[in-house]
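What follows is one structure encoded as structure tokens, with my remarks underneath.
The values are calculated or read from the model by the stated rules, or taken from the named source; none is laboratory data. Note that this is a predicted model, so its numbers are computed, not measured. Here Cβ is always computed from backbone atoms with ideal geometry, including for glycine, and neighbour counts include all displayed protein chains.
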Amino acid sequence: MVLFIIGGAGIVLTVLKSEETKAPVSKELKVLLQIDRNFDKDVAAKGVDAWVSYFAEDGKMFRAGGVITQGKTAIRELMTPVFATPGFTLRWEPIGGDIAKSGEIGYTYGSAISKTIEKDGKEQVRTGKYVTIWKKPEPKPRRLSSP
């Protein structure tokens, strides 16, 4: 899977419209939601290495304040100090999403919580919402005949 993390009003409006229809969850969406749950579990267990592994080589990460970070190397550079913060944890739970009719792109959204331990020893808790856009990878070429 290729990962782009974004936020924005256009996505929120799409999500709200999708929720209004109350369409049954497709098999493909169930798989995508499980991939997002696995992403959360992998990050909880392996930290920044797992975080970066879910991004495409040219993936984009949008942070608060409108900063866009592109590419695995830049994302790792940005997130390594965050994951090194004392007591840092980041967890999330997808609550919905959708997949294009073509099956090539989809999104998940949900609630997130991050925690750190401040210099005074108090736990700092931040909650929020997220949207993740997923793109299906190109199929790998395979040999259809042998010489």
* **Lone unmet requirement of (1) of a type outside the set (D, E, K, R); (2) at pLDDT below 95; (3) in contact with a helix residue (DSSP H, G or I) (Cβ under 9 Å, 6 or more places away or on another chain); (4) at positive phi for GLY47** => (2)
* Name the pairs: first residue in segment 86-104 and touching a residue at least 40 places away in the same chain (Cβ under 8 Å) and surrounded by 16 or more Cβ atoms within 10 Å (Cβ to Cβ), second residue of a type in the set (S, T, N, Q) and not in a loop (DSSP other than H, G, I, E, B), Cβ to Cβ under 6 Å, at least 6 apart or on different chains? -> LEU90/SER114; PRO94/THR108; GLY97/THR108; ASP98/SER18
* **segment 94-121, residues that are of a type in the set (Val, Ile, Thr) and within 11 Å of the chain's Cα centre (by Cα)** => THR108
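Only one residue in GLU118, GLU104, GLU77, GLU138 is among the acidic types (Asp, Glu) and modelled with pLDDT of 95 or more, so which one is that?
Working: GLU118 fails: modelled with pLDDT of 95 or more; GLU104 fails: modelled with pLDDT of 95 or more; GLU138 fails: modelled with pLDDT of 95 or more.
Answer to the check: GLU77.
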* Asked: Which strands (runs of 3 or more DSSP E) does segment 20-134 wholly contain that include 1 or more residues that are of a type in the set (Phe, Trp, Tyr)?
  -> 60-62, 89-99, 105-117
* Test ILE68 against the criterion of being surrounded by 10 or more Cβ atoms within 10 Å (Cβ to Cβ), in contact (Cβ under 8 Å) with a residue 12 or more places away in the chain and at negative phi, and give yes or no. => no
